[in-house]
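Please treat every number below as a calculation from the coordinates, not as lab data. Computed from a prediction, not measured in an experiment: that's the story for all the values here. Note that we place each Cβ from the backbone using ideal geometry, even for glycine, and neighbour counts take in every protein chain shown.
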Amino acid sequence: MGHSSGKSYIYEEPGLKSWFTSLDHKRIAILYFVSVMFFFLVGGIMALLLRLELFAPNVSANVGQVLKNGDVYNQVLTYHGAIMVFMVIIPGIPAILGNFFLPLQIGAKDVAFPRLNLASWYVFMLGASLAIGTFFASKIDTGWTFYTPYSIRTGSSVVMMVVAAFIMGMSSILTGLNFIVTVHRLRAPGMTMFRMPLFTWAIYSTAVLQVLATPVLGITLLLLMMERIFGVGIFDPKLGGDPVLFQHFFWFYSHPAVYIMILPAMGVISELITTYSKKTIFGYTAIALSSIGIAAVSFFVWGHHMFVSGQSELAGVLFSFITMLVGVPTAIKMFNWLATLYKGSIEFTAPMLYALGFMFLFAIGGVTGIILAVTAVDVHFHDTYFVVAHFHYVMVGGTLMAIMGGFYHWFPKMFGKMYNEMTAQLSWVFIFIGFNVTFFPQFILGAKGMPRRYFDYVPEYEMLNKVSTVGSWLIGIGFLFGLYTIIRGLTSGPKAPANPWGSKTLEWQTESPPTMHNFDHDPIVTAGPYEYK
Amino acid sequence: MANNHNHSHSDHGAHAEPHVTPLRTYLNVGAALFVLTFLTIIAHVFKAHYLSLAPFIAFGIAAVKAFLVMAWFMHLKYDEPSNRVIFALGFFFLAVLFAFSIIDIFTRVPQGTVL
Amino acid sequence: MSTSRLINGVEVASHFRDVHHQYSSNKEGIWLFMVTEILMFGGLFVGYIIFHSLYPEMFAEGASYLDWKMGFVNTLVLIFSSFTMALGIYYNQVGQPKRATWALAITVLCGAIFMVIKYFEYTHKFHMGIFPGNLINPEMMAEHGHPMQHSNLGMYFGFYYCMSGLHGIHVLIGMGLITWVMIRNMKGEFSPKYYTPIEGVGIFWHIVDLIWIFLFPLLYLVG
């Protein structure tokens, strides 16, 4: 491989068609990048619509009401949730950054199954198109969780949406499978498991979850389909079935899925913190193993979504206890990041700002999670805006901050150009402030008892809702700045050097952007990933 | 996970030929599976005599059959240990799903309607 | 990246070091996929066991409509096909591809026999008005001299059709896959050095057998 043409992967094969048939993991990552960005835009517009509707209580059809009626609100809510979960956050970091950097970080030429990798993108797009297609068939209003028995009886395109989720699940499985084999088998000589970068560790743990949890979602969705078509009665109380069992099956997948969303984000943060502190990461082994720890515990805690579902008290207590255990590996990560920052030479670049933002927001999201794990408290908070605020702090404050930080961090490597630091930081300021303005009031609203998922609310909640809606506009502006930064960087950014940040991991030891073969000389690894002096 | 350390194993075996099971072994395993299937049926026909044990016998035999298929037909006996661990993980997490679902269902306090 | 090169007469993709590296990676991928199959079918088993223990009498009534002789024959057919599938790999390993083709052909044939027997089982039930879930037809059942005793009997047949149906779909997929490797085998694409696709398809086929080994007592015997 030593005599590579030196052409970057972007220009190696010309023509648009070559992108849709390319087996190169970097190009497939770009395919995901473009599609996920598009879905994010759609889901984001839905979110703005929801907040706009909640700007004021509905006095009449003309005053305080933006959407036509409650049905439309429920539909927008469903699409916002389904799009953001299945099409943005779950594939986001693994399929874009993971695809691009996992092979690079372990010194491989590609993922283990390049053809399967491309196939996963097509499968994902098929599922996503079907899901979006329901919007034009007949809109669904079940929420992204498809709880029975409501989902058995409402609307006509639930089956189509369920098929879509099933297909996207398959794509997720294939990606995870690919990554596991890549990590097990394709590491460069000398790249032992405990020399792998922490981002790779996180993607690896995520992949394990994707493979082990998603099949159960598959069978759950298939059964829901059968329920709608034949009325098989397994989840339908009419035939002696058990709707709570649906929730068990659903959350057996969907709780690990929450960690499918957050684990890669944590991996990104580990990279950012150590790079921009110019300091060897503190507690490498602990962080690496805590990823596996979180993945393992995630299979035992799903019942905390069901404390008020009618599940038995014993099950509730068990799930409550085990849920609190999640705090341990998570805290291990937090404290290790803090210890890494300590006495580091911190550079406040845009990625670092996102990393610090992540730590701040994720701490709030995580700690409120522990609050919600207490059954007695959950009975009060369940299905209120407290829960909405909690998971947005984790998913948006956590994952989305990490996605943005990761994009900026790896932007020079992916595209060979530098982004504009000033607009990137401006984007962060708006997103960070806007996020807190949007979601912190929702904790208070929830504590005061405002129920989630409703089209309208009583006037007492008006003030805080107004604040929250204004915050959503700030987030919107922030992402517009982000989009501008990315487009500007792509079109007229200065050429990026191979290693602009002085990082130590392998992906920075090759050109920016890398050639089709990733490395001109097959790397031989002799040390850990973060040996800063 | 647990299969990390096996990587070096696969490196060492880089030039080892995959194990070839002799034809006789396949014949024996196939015959054993047939015999066990007949055994299942015999047990079923006479199940009136030990009704409460019937499911355990039926599934016990099924488990033995499953083991034979996995070990020899699926070649797990001669496969890398990591693949055995991977396959076992599937069953383990299935057990987790089963255990917690069943814990809930059988410890619910029956309640009258509150309507 | 899509380039590959020949090592010892086997095409090896350029991101693999050698034949064995590629083989063992593919094998691990296959096993990971099998894990997802186990977990997917497992969900159905979990549901079945839960409701079986909640409604034992209803399940007994449902099972009484199944003919264990049919299930028994099908078990033997599938086990035999598993055996011939193993032979399909064996004969390739020892360099007798013609025999391997025959073994694979017999395997597909067994799959077809299995599906034909399933077809008769299904149509017989449809004829009696036994459909899954809400579609079950008590009047038709009464006409055939089997009045329905439990009002939620449809649930048992919901399970029955879902489980055996999903299994049947896997049999059909398996038959397709085996036909595919059989054709490749006839074209001479496999050798003692390279037969990974047959092995992968074989493992899939054995999973289909494995699931049936448990489905048979679950549906037909433990009523």
Expressed as a whole number, the average count of other chain Cβ atoms within 10 Å around the Cβ atoms of C:69-77 is 2
In nm, the gap between the two label points placed 7 Å beyond Cα toward Cβ at C:D18 and A:H380 is 6.7 nm
Of the stretch A:487-526, those with amide N under 14 Å from the point 7 Å along the Cα→Cβ vector of A:Y532 are A:501-505
Magnitude of the Cβ-charge dipole (Lys and Arg +1, Asp and Glu -1) of the protein assembly as shown about the Cα centre, nearest 20 debye, reported as 1380 debye
Of the candidates A:V458, A:A373, A:A447, the farthest towards the positive dipole end of the stretch A:364-475 (Lys/Arg Cβ +1, Asp/Glu Cβ -1, centred on the Cα centre) is A:A373
For chain A, longest principal axis from Cα atoms; helix A:421-447 axis from its Cα atoms; angle between them, nearest 10 degrees, is 30 degrees
Checking rank on A:240-248, A:343-351, C:153-161, with mean other Cβ inside 10 Å and highest first, the result is C:153-161, A:240-248, A:343-351
Expressed as a whole number, the average count of other chain Cβ atoms within 10 Å around the Cβ atoms of A:241-247 is 4
Protection proxy (average C-beta count within 10 Å per residue), highest first, orders A:227-237, A:324-334 as A:227-237, A:324-334
Two pseudo-spin positions, 7 Å from Cα along C-beta at C:V94 and at A:Y122, lie apart in nanometres by 3.9 nm
Each label sits 7 Å from Cα toward the beta-carbon; between A:Q509 and C:I49 the label points are separated, in nm, by 4.9 nm
Per residue of A:208-219, other chain Cβ atoms within 10 Å number on average 6
Per the 1/(1 + (r/R0)^6) rule, R0 = 41 Å and r from the Cβ atoms of A:I524 and C:N8, FRET efficiency to 0.05 is 0.95
